[in-house]
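What follows is a short report on a single structure.
The values are calculated or read from the model by the stated rules, or taken from the named source; none is laboratory data. Small disclaimer: the values here were computed from a predicted structure and weren't measured. We place every Cβ from the backbone using ideal geometry, glycine too, and count neighbours over all the protein chains shown.
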Amino acid sequence: QKEVEQDPGPLSVPEGAIVSLNCTYSNSAFQYFMWYRQYSRKGPELLMYTYSSGNKEDGRFTAQVDKSSKYISLFIRDSQPSDSATYLCAMSAGGNTPLVFGKGTRLSVIA
Amino acid sequence: KAGVTQTPRYLIKTRGQQVTLSCSPISGHRSVSWYQQTPGQGLQFLFEYFSETQRNKGNFPGRFSGRQFSNSRSEMNVSTLELGDSALYLCASNPFPGGGADTQYFGPGTRLTVL
């Protein structure tokens with residue numbers, strides 16, 4: 001079992017839809033949870049960064065972490081065609097430990 | 001402020017050759033990490049350098065190596081290339097070692113194709 005599991009999709013939704021992306025993990029030491037967005041031919045850019053359990057909201061994006069279930073989610077409200085990209089979850093135990101990434105979910109928002 | 005730059009952006013090599021990729025971090029950033037991204041394995045950590053010293057290493061064979069110069073620029077080298085080394089190689093810079101993801105920025109990557 002990989003440390004971080006993420007459904008690769010692809011996921012196709014109409015413009016304006018609410019998108020739900022999620023990852024599960026097995027390492028209970030993970031404390032920091034991130035979501036990245038990666039456009040074609042670009043490097044990943046950090047979207048959301050959370051510590052431990054709970055919710056974090058930033059504009060149309062909401063990140064949720066449930067450490068008891070080892071499950072994290074990213075919600076995108078009022079999705080736009082410009083949100084079409086690959087979304088990667090990532091996690092870290094902190095300290096000097098490197099980030100561990102999911103394989104990414106490819107999202108297409110259709111106008 | 002200029003972002004992380006990586007050169008070259010695209011590269012084609014044949015099996016058995018070696019390759020060197022370059023990364024220039026954001027000005028003032030002294031930590032450089034390298035990642036390999038493939039469709040099958042996703043994004044995997046290769047190594048991190050700070051002050052010209054490797055601080056952390058992922059689970060990759062010794063054919064993958066790197067170094068960092070006094071100006072924080074970094075290079076990674078892959079020797080005896082295999083078909084499976086075809087990937088997008090990403091560099092990320094951070095102001096300090098072990099810095100959090102909230103201060104880390106990725107470059108655009110070098111797309112390596114091994115024939």
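Couple of notes before you dig in:
- Residue match in the stretch B:70-83 (condition: assigned to a loop (DSSP other than H, G, I, E, B), closer than 27 Å to A:CYS89 by Cα and hydroxyl-bearing (Ser, Thr, Tyr)): no
- Residue under evaluation B:PRO108, criteria (1) on the phi > 0 side of the Ramachandran plot; (2) under 12 Å from the mean Cα position of the chain (by Cα); (3) surrounded by fewer than 21 Cβ atoms within 10 Å (Cβ to Cβ), criterion not met: (1)
- Yes/no for A:GLY104 being within 12 Å of chain B (Cβ to nearest Cβ), surrounded by 12 or more Cβ atoms within 10 Å (Cβ to Cβ) and closer than 28 Å to B:PHE96 by Cβ: yes
- Selection within the stretch A:11-68 - part of a loop (DSSP other than H, G, I, E, B), of a type in the set (Gly, Ala, Ser) and surrounded by fewer than 13 Cβ atoms within 10 Å (Cβ to Cβ): A:GLY16, A:SER26, A:SER28, A:ALA29, A:SER40, A:SER52, A:GLY59, A:SER68
- Among (1) more than 14 Å from every other protein chain (Cβ to nearest Cβ); (2) under 15 Å from A:PRO8 (Cβ atoms) - the single one A:LYS67 does not satisfy: (2)
- Filtered residues of the stretch B:32-86 (kept if of a type outside the set (Gly, Ala, Ser), farther than 17 Å from B:ALA101 by Cβ, surrounded by 14 or more Cβ atoms within 10 Å (Cβ to Cβ) and more than 12 Å from the chain's Cα centre (by Cα)): B:THR38, B:PHE60, B:LEU81, B:ASP85
- In the stretch A:75-101, the qualifying residues are those that are within 14 Å of another protein chain (Cβ to nearest Cβ) and aromatic (Phe, Trp, Tyr), and the one that is nearest to the chain's Cα centre (by Cα) is A:TYR87.
- The criterion of being more than 11 Å from chain A (Cβ to nearest Cβ) and at negative phi does not hold for B:ARG55.
- You will find that of B:PRO95, B:PRO108, B:PRO39, the residue that is in contact (Cβ under 8 Å) with a residue 24 or more places away in the chain and within 14 Å of chain A (Cβ to nearest Cβ) is B:PRO108 and no other.
- Candidates A:ASN27, A:ASN55, A:ASN22, filtered to the one that is of a type outside the set (Gly, Ala, Ser), more than 9 Å from every other protein chain (Cβ to nearest Cβ), without any contact (Cβ under 8 Å) to a residue 12 or more places away in the chain and over 24 Å from B:THR5 (Cα atoms): A:ASN55
- Out of B:PHE96, B:PHE64, B:PHE60, one residue alone is modelled with pLDDT under 95 and either touching a strand residue (DSSP E or B) at 6+ places or on another chain (Cβ under 6 Å) or over 24 Å from A:TYR39 (Cα atoms) (or both). It is B:PHE96.
- B:SER86 closer than 19 Å to B:VAL19 by Cβ and small (Gly, Ala, Ser): yes
- Verdict on B:SER27 being in contact with an Asp or Glu (Cβ under 8 Å, 6 or more places away or on another chain), exposed (fewer than 13 other Cβ atoms within 10 Å of the Cβ) and part of a loop (DSSP other than H, G, I, E, B): no
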